[in-house]
Amino acid sequence: MAEEVVSFIELSDNDAPKIAAAIPRLARLGLKPVCPEHEFLDVARRITEEWAGVSVPDDPLSWCQFALRGSPSAFSNAVHHSDHCYEVADEEDYAEVVASIIDLAGDEWPIDSVSATRVVREGRNGPSQRMDISIHAHEGGMPFELIAAKDFDWSVVTRLNERLPPAATGRFAAFFDGSATIVYLKPDQLEALGRFLGYNFVSEIEPLAERPRARSYIEAGLDNPLPVWAMVGSCLMGMFLVSQLLVMIVRGAPYAISGGIGDTPIYYAQAPFEFTLWVTFLVFAAVFFLGGPLFLIVERRRLRRVSRKRSRY
């Protein structure tokens, strides 16, 4: 049996009626439109304006997925959020995301506000940036923490499910496709929505994995051992070059070219180009090979002083 070939199109305003037609289909599965049916087309046009130019499969399920991606959402119990670039998010941004998810529960979980406070905890890889989330409500539950990193910590879905009021009938669940689509539905509605769209909305999400903290240049410099044998070899090479330079100085009055024109002294100011180039090379090479180890030793001592000063604060 031949597979059905799905064509791709660039999303445009002409596709708004297709998205508008998907809204009532999703409503029959438990999602709650934010407006009456005669305004669905206006909502769909906002979605096509937001995603204009994106290449999408021209099939009914794609239009249902885009109906869930609107910002603001076309449904009062569904929200779509980006999954990335949260390394620049502040406390207000985190509080806003968490509050937008709680709002999906509507009257089943009334709250006053959500606040977030940046804290540092000791994690598996050293100090870890976290966001301490507090829900201010009659039934808000205990505060909880989210990992603050580049990607959002969507274990917030699990944390919120754990804090739902006892009378709540729904559950928060999320689907990830590079971004996050979060809904609040009853368990049977979640199953029906997943079967309809062809993927599962998950309610149990593990906390975001902590990434190793980037080491500062001071820590990296102190952790790397000095290249002792390379430094010894560099010093020996530098001493050899200095000895060659001294031999050239001592043999002439003040300089002479060995094997060039006998023992006739050649003054530096009148020396041929080859002699001047060779002397210049010896001077710079000696400075390089002798100065390199000295620089490494001085830099290591400087890093230790800076590290000691920082540890006091």
> How much net charge surrounds residue 108 when only other residues with a Cβ under 13 Å from its Cβ are counted (Lys, Arg +1; Asp, Glu -1)?
Replying inline: +1
> Under 5 Å between amide H atoms, partner at least 5 residues away or on a different chain: which partners does residue 83 have, H built in plane at 1.01 Å?
Replying inline: 180
>> Give me the 1.4 Å probe accessible area per residue for segment 14-137, excluding ligands and nucleic acids, in Å².
In response: 49 Å²
> Quick one: net charge of residue 8's neighbours, Cβ under 13 Å, K/R +1, D/E -1?
Replying inline: -4
>> Give me the percent relative contact order of segment 95-178, please, defined on Cα pairs under 8 angstrom at least 6 residues apart.
In response: 23 percent
> What ranking of 235, 85, 64, 35 comes out by heavy-atom accessible area, probe 1.4 Å, highest first?
Replying inline: 85, 235, 35, 64
> For segment 1-147, what class follows from the C-alpha gyration tensor (a ≥ b ≥ c being the square roots of its eigenvalues): rounded when a/c is under 1.5, otherwise prolate if a/b is larger than b/c, else oblate?
Replying inline: prolate
> How large, in percent, is the carbon and sulfur part of the accessible surface of segment 1-142 at a probe radius of 1.4 Å?
Replying inline: 50 percent
> Between rounded, prolate and oblate, where does segment 44-119 land on the alpha carbon gyration tensor, with a ≥ b ≥ c its root eigenvalues, rounded for a/c under 1.5, else prolate if a/b exceeds b/c?
Replying inline: oblate
> Rounded if a/c is under 1.5, else prolate if a/b is larger than b/c, else oblate: which is segment 110-178, with a ≥ b ≥ c the root eigenvalues of its Cα gyration tensor?
Replying inline: oblate
> How much accessible surface does residue 132 have with a 1.4 Å probe, in Å² rounded to 10?
Replying inline: 40 Å²
> Can you run phi through the Karplus equation (6.51, -1.76, 1.60; θ = phi - 60°) for segment 185-191 and list ³J(HN,Hα) in whole Hz, with x for Gly and Pro?
Replying inline: 9, 5, x, 5, 5, 4, 5
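The values are calculated or read from the model by the stated rules, or taken from the named source; none is laboratory data. No experiment lies behind these values; they were computed from the predicted model shown. Neighbour counts are summed over all protein chains in view; Cβ atoms, including those assigned to glycine, are modelled from backbone coordinates with ideal geometry. Note: areas computed on protein heavy atoms with side chains; ligands, DNA, RNA excluded. Shrake-Rupley method; radii C 1.70, N 1.55, O 1.52, S 1.80 Å.
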